[in-house]
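To start, the structure under review is shown below, and the notes come after it.
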Amino acid sequence: TPADLRVVFQNFKKVLDDNSEALGIITDMGEKMGGSFLFDATYVRRSYAGLAAGMRASLDDFHQLTGHRYPGLDDAFGRIDNSILAAIASTAPAAGPAAVPFVEITPGLARAVGGKNFHLADLKNNLGVPVPAGFAMTIAAFDAFVAHNGLRDDIAGLGEGEPDPARLEDLRGRILAGSLPPALAGELEAALGRLRQECGEGCLLAVRSSAEAEDGYHSFAGQFETVLNVPARPEAVLDAYRRVLASLFTEDVVTYSRGLGYPPGGLRMAAGFVAMVDAAASGVVYTVDPRTGSRETMMVSAAWGLGKSVVEGEVDADVFVVAKEAPFSAVSIRVGGKETMTVARPEGGVEVMDTPASLRSRPSLAPEALAEVARLALAIEDYYRRPQDIEWALDREGRVVILQARPLRIPPKPGVAAGARRGKAAARPVLLRDQGFVVQPGAVSGPVFVAEFPEAVSEFPRGAILVAPHDSPKFVQVMPLAAAIITDTGNPTSHMASISREFRVPTVVGAAEATSVLKPGAVITLDADEEGAVTVYEGEAHEVLDEHRDSYLKLEELYEYRRRKYIMRLIAPLNLTDPLSEEFIPENCRTLHDILRFIHEKAVEELISSSQHISAASARGLKLPVPESIRVVDLGGGAEPGAGDPLEPAMIASVPFRALLEGMADPEAWDTRAVPVKLSDFFSAMTRSGEPLKETGAGAQNLAVISRRYMNLSLRFGYHFNVVDGFVSERTTDNYIYFRFLGGATDITKRQRRVRLIEDVLTRNGFSCRASGDLIEARVSHIEQPEALRLMVLIGRLIAFTRQLDTAMNSDSMIEELSRRFRKGEPRP
């Protein structure tokens, strides 16, 4: 009855309102999280809470409208909702295997094994680079360890405020004393067994961190534990694994993470178990010279023994600048002092020893080995298509092995050259000039804070310039506070150097006598040029500071911006685009937008179905200037107040129906001449008697169900059956048009040509169409009101234009000719 249909229509409008509200939130999140606005984690949580509530309301109203015929939609929402909440909280348990050999790591496991493990496996499996054998313990293993040892509440309790050192120490102690669940212990022992078969029973391992965000957008260089030369026995490996996990919760890591937007406990740890390389020499290669940004050369730092002393800035390493083309010759060589070297002990573990005098003044890489390091580095850069920070080792047989590769952040080039600034500050006393390597350029001023050892930074004041004998990744604790960092020793490829670039802290390493020349508390100005020139002035050099650039982390590089990309991928993209496809099912919803699209399209189908079964008993006639009659059922607002029976066209208030009638009334579209019917057409019509009625459910009446913004028209012309359903309003997200045509009074070939003509016209106007035999369905949605009205007029003209046309469709050429005539507004031939 009309009353029943009104209930359905009201439910339908509630679904449209719910969908529109949810889409509005999605739009707002896309704009706010797109880089133009400052936002924080609170905004993400609050916005998504509103969106999730809107989605649930939309689902509830949709189920009420459809009688809960699509229960799979709740499952789809639950799956996507859980993933989004996990991304927001970064604490949802991971699933999947605990131990994965490098040879089995695929791109789909990148997040599970962490950036460091993935890049190493990727180079081994896909580029054929020499990489040690190994396996990864995944984030799922970390989650299992945390759950087994009852640590979830402790990690969650860290909160987002200032970390409590005592609480962190207690948490690390519990991790170091923790045990593996039996299943996890079994996987670890099996993976160790496979690795011993490959490398030998006496093989030794490096157990390395590979946190889920490490060596990706941010390096976390030197922040986590690496345990070297570990015997491949379960008890020794377990102890090293626990040390790596515990390193997530040091004050250094928490401080670094907070600077990037991570809350304490917001990261999870995978770990790599890699066969040790008996290294004669080791080091780091930057595929772009970090001092100048030159893409023509690369920089290689090297020292005797293991690379630990190089990456941690503990040794005055050799520095080679190498041409980035064969034969990879050295452009310049600076031989460092290399007073000490880190070596592996036969029984396990490492030690630092004095470098033999005969090796100190000798370059740690011969030309052939240097060329091989450069060749591999260039291949890796070409593979990833961006500059790389690569750790390598040279084994006792002279083979170069790659130990790690991650993206290299290069300081920006813009800025005023130090030479020009020096001219302005010529009268100022100079304390240091052209000593050391510029890691991160900048011009800043502040009081000197001398830290004779890394732990001394506990009293570091905001805005001071840190001066130290050696560089150290521990200085991350003060990087958010420091105006600049200057060290006596170190090199531009150390862990601290990588972190300095991330925080945009002006940094100079290897300045030789900084700690003896620069006095504690004295105000100085550091001017570090983009081209590598260094000047330290006495006092605050205003003439230099005028060119000061912001040296802190840029807004778009904050962790929240990286994380929002993942969150928005689960919210905004539309994958479910064709409602006429067999793939248009709840199980294929991959985003919240997909769910809203599914709800919209199926709600439309529900309304069409309900409108098709309405009785014409309460309908009024409609006067039309065309040779057809239509009866009208008004759900409310479809006709002007006081309209009589029959209705005059001028009294129609329904926005979409008025537009449709305008098209149908186009005199150029109608052909009222008698249609010549061949005997074969007559017999074809006779054999189809009654068939279309079952297909359409429209009965023998022409009936329009209308409201102010809605219309559904069932129209029968002989053996031709049309259904038009549409909603047109000011709100683009609600608007849609559905068109269905079936039938004909001639043979199947001519009926199919007519369908192909309709399909050609509608496809050219943005409709999605599905045609089969003499049936065609077409849809278009999310269209602005003016376009929706234009298309309604077009549909009206098309109905009139194609009436009784099929008997004239004698050849395929008629399809193109008639489509052209219709589009140009010409009459039928």
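Indicate the gyration tensor shape class of segment 120-215 (rounded, prolate or oblate), computed on the Cα atoms with a ≥ b ≥ c the square roots of the eigenvalues: a/c under 1.5 is rounded; otherwise a/b larger than b/c is prolate and the rest oblate. Prolate, since a/c reaches 1.5 and a/b exceeds b/c.
From the cross-link list Lys338/Lys474; Lys116/Lys308; Lys474/Lys519; Lys324/Lys474, which pairs have alpha carbons spaced over 28 Å apart? Don't jump to the answer; show the numbers that get you there.
Values: Lys338/Lys474 22 Å; Lys116/Lys308 16 Å; Lys474/Lys519 22 Å; Lys324/Lys474 33 Å.
Long pairs (Cα-Cα over 28 Å): Lys324/Lys474.
For the pair segment 585-604 / segment 99-164, the C-alpha centres are spaced 34 Å from each other.
Tell me, what % of the accessible area of segment 112-184 is carbon and sulfur with a 1.4 angstrom probe? Write down the numbers at each step before the final one.
Numbers: 1470 of 2930 Å².
Here it works out to 50 percent.
Write out the GluC sites (Glu not before Pro) in segment 269-316 meeting two conditions: DSSP loop, and at most 16 other Cβ atoms within 10 Å of their Cβ.
Working: sites: Glu296, Glu312, Glu314; in loops: Glu296, Glu312, Glu314.
Passing sites in segment 269-316 are Glu296.
Among the GluC sites (Glu not before Pro) within segment 120-205, those in coil by DSSP and having at most 11 neighbouring Cβ atoms inside 10 Å are Glu201.
With q set to 0.13, 0.30, 0.33 Å⁻¹, the log10 of I(q)/I(0) for segment 109-153, from the Debye formula over equal scatterers at the Cα positions, is -0.38, -1.02, -1.11.
Ranking Phe727, Pro786, Cys769 by Cα position along the charge dipole of segment 701-790, where only Lys, Arg, Asp and Glu carry charges on their C-beta atoms, puts Cys769 farthest toward the positive end.
Restricting segment 434-508 to GluC sites (Glu not before Pro) that sit in a DSSP loop and have at most 14 other Cβ atoms within 10 Å of their own Cβ leaves Glu452.
When a 1.4 Å probe is rolled over the protein heavy atoms, the share of accessible surface on segment 270-384 that falls to carbon and sulfur comes to 53 percent. Stretching Glu668 away from His782 to a fully extended chain increases their span by 38.0 nm, per 0.36 nm per residue minus the current alpha-carbon distance. Applying D = kT/(6 pi eta Rh) to segment 347-398, where Rh is the Kirkwood radius over alpha-carbon pairs, T corresponds to 25 °C and eta to 0.890 mPa s, the Stokes-Einstein value obtained is 179 µm²/s.
For Arg770 and Thr577 in one chain, what is 0.36 nm times their gap in residues minus the Cα-Cα distance, to one decimal in nm?
Working: separation 193, 0.36 × 193 = 69.48 nm, distance 1.34 nm.
Additional length available on full extension: 68.1 nm.
For the pair Gln10 and Asp74, a Förster radius of 25 Å applied to the C-beta separation gives a FRET efficiency near 0.65, rounded to the nearest 0.05.
The values are calculated or read from the model by the stated rules, or taken from the named source; none is laboratory data. Predicted, not measured: the structure shown is a model, and the values here were computed from it. Glycine also receives a Cβ, built like all others from the backbone with ideal geometry; neighbour counts cover every protein chain displayed. These accessible areas exclude ligands, DNA and RNA; they are computed on the full protein's heavy atoms, side chains included. Shrake-Rupley method; radii C 1.70, N 1.55, O 1.52, S 1.80 Å.
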